[in-house]
C-alpha cells in the first residue's frame, strides 16, 4: 500500500528529507520503521532501535503496533520541545 | 464560547487578545495569561536566535484536543492559545495561553494545565543558535513530571 512518510526536526536534517510517498509491505508502524532502515545507511542509523523517536499516525501520536492503512500519513520525529 | 488556536510567524498583542476574550462577556470575572518569551541563555549557553519548527495540521489538532481536555476539567469561559513558529530572537514572545473564567482559581489552574500539556504533547521543536553553532533543544524530564501532576503520564523526554 502507499503511505506518506514525514520527518521533522533533527531527523529531517539527518535524513535530508521532509516527506516522501512510500510503497510499503508493512502492516504496522514498527514494521515500517524497520523497512525504512533498509533504504539507506543513513536511515538505518537515524531510525535504529533505541533512538528517541516518536511516531504519529494520521497526525496522532501512536504506539509501534498501530496498523497502517492505504494512504495514511506516518510521521517520525524526536521528542517535542515547544512552549 | 470561544476556544481557539493560532499558529503564526507574526507577533501577538496580549491586550488585544485579552480584550477579544472578554468582549461582551460580563460573566467573566478572571483572566489568566501566560506568555513564554525567548531567553538569551539556555543551559548555560548564549542564544542569539531560536528557530521553531512544527507539524502543520497535527499541531492545531493536538492543541484543540488539549483545549477540549481543559474544558472537561475546569470551568473556563473562553481560551486562546497562540504559538509562534519560524525564526525568533531573545526578548521575542513565543507562546500565549489566555483563559477566562468566573473566578480566579479555575483560570489559574487551566492556564497552567494548558502550558504543561503543550510542552510535551504539541509537535513543536526548538533549535538554538549561539556563538558555538546550532543545536536542537533536548526535551526535559521535568516537563513530563509537570504533566504527571495532572494525572497524565507521558514519556516524551525518555531517552528511547
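What relative contact order, as a whole-number percentage, does chain A give when Cα pairs under 8 Å and 6 or more residues apart are counted?
Working: 140 pairs, mean separation 33.6, N = 83.
That works out to 40 percent.
Peptide B:149-159 has a mean shielding of 2, counted as Cβ atoms of other protein chains within 10 Å of each residue's Cβ.
Helix B:104-121 and the longest principal axis of the Cα set of chain B meet at an angle near 30°. Computed from Cα positions, the angle between helix B:58-73 and the longest principal axis of chain B comes to roughly 40 degrees. With Cα atoms defining each centre, the stretch B:59-121 and the stretch A:1-15 are spaced 28 Å apart in the structure. Per-residue mean of foreign Cβ neighbours for B:118-125 is 6 (Cβ atoms of other chains, 10 Å radius).
The mean number of partner chain beta-carbon atoms within 10 angstrom of a residue's beta-carbon across peptide A:47-57 is 2.
Efficiency by 1/(1 + (r/R0)^6): what FRET value for residue A:23 and residue B:13, r their Cβ-Cβ distance, R0 = 41 Å, to the nearest 0.05? Intermediate values should be presented prior to the final figure.
On the way: r = 48 Å, r/R0 = 1.17.
For residue A:23 and residue B:13, the calculated efficiency is 0.30.
Note on residue A:30 and residue B:153: the model spin-label points, each 7 Å out from Cα along the C-beta direction, lie 1.8 nm apart.
What order do you get for A:33-41, B:95-103, B:22-30 when each peptide is scored by the mean count of other beta carbon atoms within 10 Å, highest first?
Values: A:33-41: 14.4, B:95-103: 21.7, B:22-30: 11.6.
Taking the mean over residues of other Cβ atoms within 10 Å, the ranking is B:95-103, A:33-41, B:22-30.
Could you list A:7, B:3 in order of exposure, starting from the residue whose Cβ has the fewest other Cβ atoms within 10 Å?
Numbers: A:7 24, B:3 18.
Starting with the residue having the fewest Cβ neighbours, the order is B:3, A:7.
Across chain B, the fraction of Cα-Cα pairs farther apart than 28 Å, rounded to a whole number, is 22%.
Give me the Kirkwood hydrodynamic radius of the stretch A:2-77, using the inverse of the mean 1/r over all pairs of distinct Cα atoms, in Å to one decimal. Across the stretch A:2-77, the inverse of the average 1/r is 12.1 Å.
Read-outs throughout are calculated quantities, based only on the coordinates presented, and are distinct from any laboratory measurement. If you're wondering where the values come from, they're calculated on a predicted model, not measured in any experiment. Cβ sites come from the backbone with ideal geometry, for glycine too, and all protein chains shown count toward neighbours.
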